[in-house]
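Accompanying notes for the structure given below.
The values are calculated or read from the model by the stated rules, or taken from the named source; none is laboratory data. Source: prediction; values computed, not measured. Every residue, glycine among them, receives a Cβ derived from its backbone with ideal geometry; neighbour counts consider all protein chains shown.
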Amino acid sequence: MNTILFSHARTALKFGLLSSIEKKNSYILVPDYICEVVPNTILLNNYKLIYYRINDDFTPDWQDLNEKINKNISAVMMVHYFGIRQNVNKFFDFAKKNKILLIEDNAHSLINWNDKNTYFDFSISSPRKNLNLFSGGSLTIDNLKYDINKLIKYPLNKKQIISTFHKKKFDKFKIFIKKNFYKRPKYEINFDEEEMITDYLIDDYSYKVLNNSNLKKIKNLKIKKFNYWNEFALKNNLKPIFSNLSDDETCPWCCPVYSNSKEETIYWYKWGWKKGIFVFSWPNLIPSLLKDNKINKRRERLICFSTN
Ligand SMILES: Cc1ncc(COP(=O)(O)O)c(C=O)c1O
């Protein structure tokens, strides 16, 4: 398998789909708790989708998945939510039994930290999220059918170029300015849809940072932070979703927990903003999914503590 570095995981998904599924109008099974850019990328590239149910603990509803299978389905997408691994073998068996492709969405974790991951037909990842890069979305695939040399590198804007000279410096000052002069983003509200992104490769600066990063060290630090937030949640009447991590094959993008109400969730967003700690919601859902009461209620109670 080869890994290609684009600017975003959505671009990786696009080229993965176009290289693997030629059949027009074929359907992809996608979980119903997912960032809007995933269904939008699938639909924009002329594929169709069918949602399968995700439980509150972020495992798939296997009965629902089995009921959704039909002859027009070409692939199933498995998402390692927050960087925590799904039951990979079960997904593999499901895809094999139904003679469909298995797409791995590893956007919340780090790229290629385990070479054994060859159970999928293609895998995408978004290292820009875990490493705070300007760009970076990988595609791991056997046979890319596109000439990526035609693509240009993600262009940095002036502000980004300037910040490459003092990244990490002035962090405390930036937090001070942010909390005193900026308004807290309203994470409790589903944001407007993101603008479309052109197809780019990763920019040189982000490529260098990614290559020079000690991924193992970062992963271990993130596991420690994840476990810290899990303990913090228990002490503060919040409900951890996953148990503490020790797994070598995990790299958590954040630590998700449930609150008891929408109001309590907003309290923690405000708490994070005041303290300069990144506390946020996930995901930005496409409006049709938000109409589902169960999904909407889950989003209202989900709080993400950053592990970056
Ligand atoms: C599960 C999942 N997959 C894919 C993506 C797309 O990643 P990117 O923003 O790098 O395109 C996201 C983004 O938010 C995501 O949460």
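Please work out if Phe134 is aromatic (Phe, Trp, Tyr), modelled with pLDDT of 75 or more and either within 22 Å of the chain's Cα centre (by Cα) or not assigned by TED's automatic domain parsing to the domain that holds Ile277 (or both). First the steps, then the outcome.
Details: aromatic (Phe, Trp, Tyr): yes; modelled with pLDDT of 75 or more: yes; either within 22 Å of the chain's Cα centre (by Cα) or not assigned by TED's automatic domain parsing to the domain that holds Ile277 (or both): yes.
Yes, satisfied.
Taking the range 211-228, which residues are among the charged types (D, E, K, R), within 16 Å of Cys254 (Cβ to Cβ) and more than 19 Å from the chain's Cα centre (by Cα)? Break it down into steps so the answer makes sense when it comes.
At the first step, the residues of the range 211-228 found to be among the charged types (D, E, K, R) are 216-217, 219, 222, 224-225.
With the extra rule that they be within 16 Å of Cys254 (Cβ to Cβ), the set shrinks to 219, 222, 224-225.
Scanning the range 211-228 gives a single hit, Lys224.
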In the range 203-221, residue farthest from Pro155 (Cα to Cα) [restricted to those that are touching a residue at least 60 places away in the same chain (Cβ under 8 Å) and in contact with a strand residue (DSSP E or B) (Cβ under 9 Å, 6 or more places away or on another chain)]: Leu210
Residues of the range 270-300 classified as touching a Lys or Arg at 6+ places or on another chain (Cβ under 7 Å) and part of a helix (DSSP H, G or I), total: 4
Residue in the range 220-258 that is nearest to Ser126 (Cα to Cα), counting only those that are buried (at least 21 other Cβ atoms within 10 Å of the Cβ) and among the aromatic types (Phe, Trp, Tyr): Trp253
Boolean, Leu13 is within 14 Å of the ligand (Cβ to nearest atom) and in contact (Cβ under 8 Å) with a residue 60 or more places away in the chain: yes
Close pairs from the range 272-297: first on the phi > 0 side of the Ramachandran plot, partner among the β-branched types (Val, Ile, Thr), Cβ under 6 Å, at least 6 apart: Gly276/Ile175
